[in-house]
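S.K.: The following block contains the structure, expressed as C-alpha cells.
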Amino acid sequence: MGLEMKKTPVIAVFDVGKTNKKLFLFDERYKIVFERSARFTETLDEDGDPCENLESLRLSVFDSLREVFKNPEFEIRAINFATYGASFVYIDEDGKPLAPLYNYLKEYSETLKKQFYDTYGGQEVFSNLTASPVLGSLNSGMQIYRIKYEKPELFHQIRYALHLPQYLSYLISGQAYSDITSIGCHTNLWDFTKNDYHDWVFKEGIAEKLAPIVPSDQVMPAAFPGNNYGVGAGLHDSSAALVPYLVSFHEPFILLSTGTWCISLNPFNSTPLTTTELENDCLCYLQYEGKPVKASRLFAGYEHEQQVKRIASHYGTDIISYRTVPYDAGIIDELSKADELEGLQEKSLAELKENSFAQRDLTNYTSDIIAYHRLILDLVNQQYLSTSMVLKGTNVKRIFVDGGFSRNTIFMNLLARVFPELEVFAAHMAQATAVGAALAIHKSWNKQPLPNDIVELKYYAIVQQQH
C-alpha cells in the first residue's frame, strides 16, 4: 500500500477580465500553484453590438473547476471570483440567463437618459448622490432601466439582475447575492449619502430584482453535495485589487492602478464628491469592507499605447524598445523649461487633455528618446492633476503604483518629481486582483495568519540632474 499523498490546501480564484479569463490556485502563503488562461471570441447581441459570450464563460468555469478537482495534488477549500464591473446577467426563476451580457460600452439612448435624469433631480444632483459620473451604459443601473422601458416583457421575466462576479458565484453556490463592491462602482444604484439604494431603485420596481447584499468576506456552501468548500460572493476587480494593499499597509496611501485606465484610489478619503470632480472623471468605489474609496480615472494607458505607435512609425523604430528607455534628467530639465515658458503649470486637466501629446508635432524633437520623454512628461502632468483630486484634504504620505507604468522608470521618476512631499513606490505584485479576491475570504479557508510579504516595493527618490 503506497503512502497517501498529502494534498495542498488551496483557494481557486476566477479572474475575469474583458480580454483574458484566468483561473488561479493559491496555497496558504498566497503563492500561485496553478494557473490557466483562456480567451473567447466575442459574440453579438440582438442589435449587432459585440458582447461577452456568456455560454462560453459558463462552460469554461465548470470545465476548469472539473480539471482542478480531479488533480490529486490539491484540496480546494474555497472558490472566489473577481471580474470587470458594470455588467449584469439577468436570470429567471430557474437561474437561466434571459438576455445577452450587454457590453458596458453599448450606445445609450439619449431620450431615455434625459427621461431618467429629468425624473430624478437632474444630472448634477443625481451624480453627486450616487458618486456616478454620467456614463450611459457604464452606469450599470441604467442598463436595467433601459430593459424596463424598451423590453418590458423581458423585465417582467427577470428574477434577479446579478453583476457578473455574483452570477459566477451563483453558478457554483446556487444562491443569488449582491455584493457592495459591484453596487458601489459608478452604477447609479447606490446613494452614498444614505448608504442604501437610491430612491429610484425602489420607485421603478428594481429593488426586488436585486439579490440580498452580503458582506465580501461571507462564504456560502457549494451547491454540489459531498463538497466541503466555501464559495465567496465575488468582487468587482478594481476593489479586489485594493485588498492586498489594505491588508498590508495601515498608514494612509493612494494606490495608482495603471492599465488602459490609470485609476487613483484613495481609501482614506471619504469626503463627498464635488460637481467639478465628477466632471473630471472622479467617482467613489465601495471597498470590500463597505467604506467609500475616492477615485479618479485617466485614460493614460490607452493614450500611451497610441502615441508610442506614432513615435515608432515617425522615427522608424520598434515599439518594444520603449519599454526600457532609461530616465534622462537632463532631457526633462530642458522640456520643463519650455513648459514654464508656455505656462503649462497653470493649466487645468481639461486644457492639458486638449493639448496632449497627440497634438504635438514630432518634427520638433531631434530624437525618438526626447519625444518619448515628452510623451511621459505630458502624461505625468495630467496624472498629477488627476491624482491630486483624490489626494487633497487627506493625510496621505505614500503613493503605490501598480500595473504597467510601475515598470516604466521615466514615469516613476517623473511621478516622484511632481509629488516631492510624498514617498513614491513602484509596487510589484503578481495578480493583485486574484490575490485580493482570495484575501477577502481568508478566514474561511486559510489557517495561517495573513502574510506580510505579498507586495514588493521599490522606492523612487527625486533624481536631480548632475551638474
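The values are calculated or read from the model by the stated rules, or taken from the named source; none is laboratory data. Keep in mind the model is a prediction, meaning the values are calculated, not measured. In this analysis, Cβ positions are derived from the backbone assuming ideal geometry, glycine residues included, and neighbour counts consider all displayed protein chains. All accessible areas refer to the heavy atoms of the entire protein, side chains included, with ligands and DNA or RNA removed. Shrake-Rupley method; radii C 1.70, N 1.55, O 1.52, S 1.80 Å.
S.K.: Using a 1.4 angstrom probe on the protein heavy atoms only, could you order Arg310, Arg374 from most to least accessible area?
M.R.: Putting Arg310, Arg374 in descending order of accessible area: Arg310, Arg374.
S.K.: Continuing with this model, one more query. Keeping all protein chains in place, calculate the accessible area per residue for the range 201-331 (probe 1.4 angstrom), answer in Å².
M.R.: Working: 5430 Å² over 131 residues.
For the range 201-331, the solvent-accessible area averages 41 Å² per residue.
S.K.: Give me, ordered by chain and number, the residues 5 or more places off Leu256 or on other chains with an amide H under 5 Å from its own placed amide H.
M.R.: Here Leu265, Phe400, Val401, Asp402 satisfy the definition.
S.K.: Counting only residues 5 or more places away or on other chains, whose amide H sits under 5 Å from the amide H of Asp45 once H atoms are built in the peptide plane?
M.R.: Residues meeting the amide H criterion: Cys51.
S.K.: Right, another one. What FRET efficiency would be calculated for the residue pair Phe268, Leu457, taking the C-beta separation as r and a Förster radius of 22 Å, to the nearest 0.05? Show your work: numbers first, answer last.
M.R.: Values: r = 18 Å, r/R0 = 0.82.
Step by step, r from the Cβ atoms, then E = 0.75.
S.K.: Can I ask one more? Determine the shape class of the range 150-287: with a ≥ b ≥ c the square roots of the Cα gyration tensor eigenvalues, call it rounded for a/c under 1.5, and otherwise prolate if a/b is greater than b/c, oblate otherwise. Write out the running numbers ahead of the final one.
M.R.: On the way: a/c = 2.21, a/b = 1.21, b/c = 1.83.
Judged from the Cα gyration tensor, the range 150-287 comes out oblate (a/c at least 1.5, b/c at or above a/b).
S.K.: Continuing with the same structure: Which angle from 0 to 90°, rounded to the nearest 10, does the C-alpha axis of helix 368-391 make with the longest principal axis of the chain?
M.R.: It is inclined by approximately 60 degrees.
S.K.: Counting alpha carbon pairs within less than 8 Å and at least 6 residues apart, what relative contact order, in whole percent, applies to the chain? All intermediate terms of the calculation are to be shown ahead of the outcome.
M.R.: Details: 873 pairs, mean separation 73.6, N = 467.
About 16 percent, as a whole number.
S.K.: Distance in nm between label sites at Asp27 and Asp333, each 7 Å beyond Cα in the beta-carbon direction?
M.R.: 5.1 nm
S.K.: Just to check I understand the Karplus step: with θ = phi - 60° and J = 6.51 cos²θ - 1.76 cosθ + 1.60, what whole-Hz values come out for the range 156-165, glycine and proline as x?
M.R.: Taking θ as phi minus 60°, the curve returns 4, 7, 5, 7, 9, 9, 10, 5, 3, x Hz for the range 156-165.
S.K.: A further question on this structure: According to the square roots a ≥ b ≥ c of the eigenvalues of the Cα gyration tensor, what is the shape class of the range 281-350, taking rounded for a/c under 1.5, prolate for a/b larger than b/c otherwise, and oblate for the remainder? Don't skip to the answer; put the middle values down first.
M.R.: Working: a/c = 2.50, a/b = 1.51, b/c = 1.65.
The shape class here is oblate.
S.K.: Give, in nm to one decimal, the length gained when the segment between Gln115 and Lys392 is fully stretched (0.36 nm per residue of separation minus the Cα-Cα distance).
M.R.: Values: separation 277, 0.36 × 277 = 99.72 nm, distance 3.54 nm.
Working it through step by step, the gained length comes to 96.2 nm.
S.K.: Take the alpha carbon gyration tensor of the range 3-78, find the square roots of its eigenvalues, order them as a ≥ b ≥ c, and report rounded if a/c is under 1.5; if not, report prolate when a/b exceeds b/c, else oblate.
M.R.: Details: a/c = 4.02, a/b = 2.61, b/c = 1.54.
Prolate.
S.K.: Can you give the accessible area per residue of the range 366-467, in Å², using a 1.4 Å probe? The partial results should precede the final answer.
M.R.: On the way: 4320 Å² over 102 residues.
I get 42 Å² per residue for the range 366-467.
S.K.: According to a simple spin-label model (label point 7 Å from Cα along Cα-to-Cβ), what is the distance in nm between Glu75 and Asp199?
M.R.: 5.5 nm
S.K.: Leu278: net charge of surrounding residues, Cβ under 12 Å, Lys/Arg +1, Asp/Glu -1, itself excluded?
M.R.: Numbers: positive: Lys294, Arg297; negative: Glu124, Glu277, Glu279, Asp281.
For residues surrounding Leu278, the net value is -2.
S.K.: Find the centroid of the Cα atoms in the range 148-200 and in the range 437-463, then give the distance between the two in whole Å.
M.R.: That distance is 30 Å.
S.K.: Which of the lysines could a cross-linker bridge to Lys458, judged by Cα under 18 Å and excluding same-chain residues fewer than eight apart?
M.R.: Answer for Lys458, where 18 Å is the Cα cut-off: Lys397, listed by chain and number.
S.K.: Also, I was wondering about something else. Just to be sure I understand, if you calculate Cα extents along the principal axes in Å for this structure, which of [x] 68, 59, 42; [y] 72, 70, 44; [z] 77, 57, 44 do you get?
M.R.: Derived directly from the coordinates: [y].
S.K.: Percent of accessible area on the chain owned by carbon and sulfur, 1.4 Å probe?
M.R.: Working: 10570 of 20650 Å².
For the chain, the apolar C and S fraction of the accessible surface comes to 51 percent.
S.K.: A 25 angstrom limit on the alpha carbon distance is what I want to check against. Which of Lys106/Lys347; Lys106/Lys392; Lys7/Lys443; Lys113/Lys291 exceed it?
M.R.: Details: Lys106/Lys347 33 Å; Lys106/Lys392 34 Å; Lys7/Lys443 19 Å; Lys113/Lys291 29 Å.
Pairs exceeding the cut-off: Lys106/Lys347; Lys106/Lys392; Lys113/Lys291.
S.K.: With every protein chain kept in place and ligands, DNA and RNA left out, what is the accessible area per residue of the range 2-94? Probe 1.4 Å, answer in Å².
M.R.: Numbers: 4570 Å² over 93 residues.
It amounts to 49 Å² per residue over the range 2-94.
S.K.: Let me ask you something else. Estimate the FRET efficiency between Glu35 and Leu154 by the formula 1/(1 + (r/R0)^6), using the beta-carbon distance for r and 35 Å for R0, to the nearest 0.05.
M.R.: The pair Glu35/Leu154 has a calculated efficiency of 0.40.
S.K.: Find the centroid of the Cα atoms in the range 310-371 and in the range 5-54, then give the distance between the two in whole Å.
M.R.: Cα centroid to Cα centroid, the span is 38 Å.
S.K.: Applying the Karplus parametrisation 6.51 cos²θ - 1.76 cosθ + 1.60 with θ = phi - 60° to the phi angles of the range 336-351, what ³J(HN,Hα) value in whole Hz is obtained for each residue in order, glycine and proline being reported as x?
M.R.: Once rounded to whole Hz, the list reads 5, 4, 4, 4, 4, 5, 7, x, 4, 4, 8, 7, 7, 4, 4, 5.
S.K.: Mind listing which GluC sites (Glu not before Pro) in the range 249-350 are in a DSSP loop and have 16 or fewer other Cβ atoms within 10 Å? Numbers along the way, then the final one.
M.R.: Numbers: sites: Glu277, Glu279, Glu289, Glu303, Glu305, Glu334, Glu340, Glu342, Glu346; in loops: Glu289.
Passing both the DSSP loop test and the Cβ count: Glu289.
S.K.: Can you give the net charge of the other residues whose Cβ lies under 14 Å from the Cβ of Ala430, counting K and R as +1 and D and E as -1? Please report the intermediate quantities before stating the final value.
M.R.: Numbers: positive: Lys22, Arg29, Lys31, Arg407; negative: Asp15, Asp27, Glu35, Asp402, Asp453, Glu456.
Value of the local net charge: -2.
S.K.: Roughly how tilted is helix 300-315, in degrees to the nearest 10 and between 0 and 90, from the longest Cα axis of the chain?
M.R.: On a 0 to 90 degree scale, this one is about 50.
S.K.: OK, next. What is the calculated FRET efficiency for Tyr315 to Glu279, with r their C-beta to C-beta distance and R₀ = 35 Å, to the nearest 0.05? Walk me through the numbers on the way to the answer.
M.R.: Numbers: r = 37 Å, r/R0 = 1.05.
Once the sixth-power term is evaluated, E becomes 0.45.
S.K.: In addition: What does the helix-only formula give at 222 nm for the chain: each DSSP H stretch with n ≥ 4 adding -39500 (n - 2.57), the total divided by the residues, and the result rounded to the nearest 500 deg cm²/dmol?
M.R.: Using -39500 (n - 2.57) per qualifying helix, the result is -11000 deg cm²/dmol.
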